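Report on the following structure.
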Amino acid sequence: MEQVIQVCGSLLILAAFIQAQRGRLFPDSRCYLVLNLVGSIILACLAAVEAQLGFLLLEFSWSVVSAHSLVRTWRPETP
């Protein structure tokens, strides 16, 4: 079951990447950022459970950057 969850998390990130490469999503769009955030959180949790520190670092960082960028999409732009 854990492998299925891991594949789902990976597919979310890959779906965002593929759609961005095809020009259907922009890297600063909320949809792209949500897909990356959810996928990376799933993978970070699994990496933490398995004590895979390198993978945990990567996915945790990915989720922080995605979350930060997502928050910026809701803030009003300052001149």
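The values are calculated or read from the model by the stated rules, or taken from the named source; none is laboratory data. All values derive from a computational prediction rather than experimental measurement. No Cβ is skipped: glycine too gets one built from the backbone with ideal geometry, and neighbour counts run over all protein chains shown. The area values use the complete protein model at the heavy-atom level, side chains included, leaving out ligands, DNA and RNA. Shrake-Rupley method; radii C 1.70, N 1.55, O 1.52, S 1.80 Å.
Can you name the number of the only condition in (1) among the hydrophobic types (A, V, I, L, M, F, W, C); (2) out of contact with any Gly (no Cβ under 8 Å at 6 or more places or on another chain); (3) surrounded by 16 or more Cβ atoms within 10 Å (Cβ to Cβ) that ILE5 fails?
Looking at each condition in turn, ILE5 falls short on (3).
If I ask for residues that are closer than 15 Å to ILE5 by Cα, of a type in the set (A, V, I, L, M) and open to solvent by 60 Å² or more (accessible area, probe 1.4 Å), which ones from region 40-53 would you list?
ILE41, VAL49
Identify the single condition in (1) open to solvent by less than 40 Å² (accessible area, probe 1.4 Å); (2) in a helix (DSSP H, G or I) that TRP62 does not satisfy, given that it satisfies every other one.
(1)
Is it true that LEU25 is surrounded by 14 or more Cβ atoms within 10 Å (Cβ to Cβ), of a type in the set (A, V, I, L, M, F, W, C), assigned to a loop (DSSP other than H, G, I, E, B) and out of contact with any Asp or Glu (no Cβ under 8 Å at 6 or more places or on another chain)?
Yes: the conditions hold for LEU25.
Restricting the search to region 13-22, which residues are surrounded by fewer than 19 Cβ atoms within 10 Å (Cβ to Cβ) and in a helix (DSSP H, G or I)?
Listed by number, the residues that qualify are LEU14, ALA15, PHE17, ILE18, GLN19, ALA20, GLN21.
Could you pull out the residue among LEU56, LEU37, LEU70 that is surrounded by 14 or more Cβ atoms within 10 Å (Cβ to Cβ), part of a helix (DSSP H, G or I) and modelled with pLDDT of 95 or more?
Residue meeting the stated conditions: LEU37.
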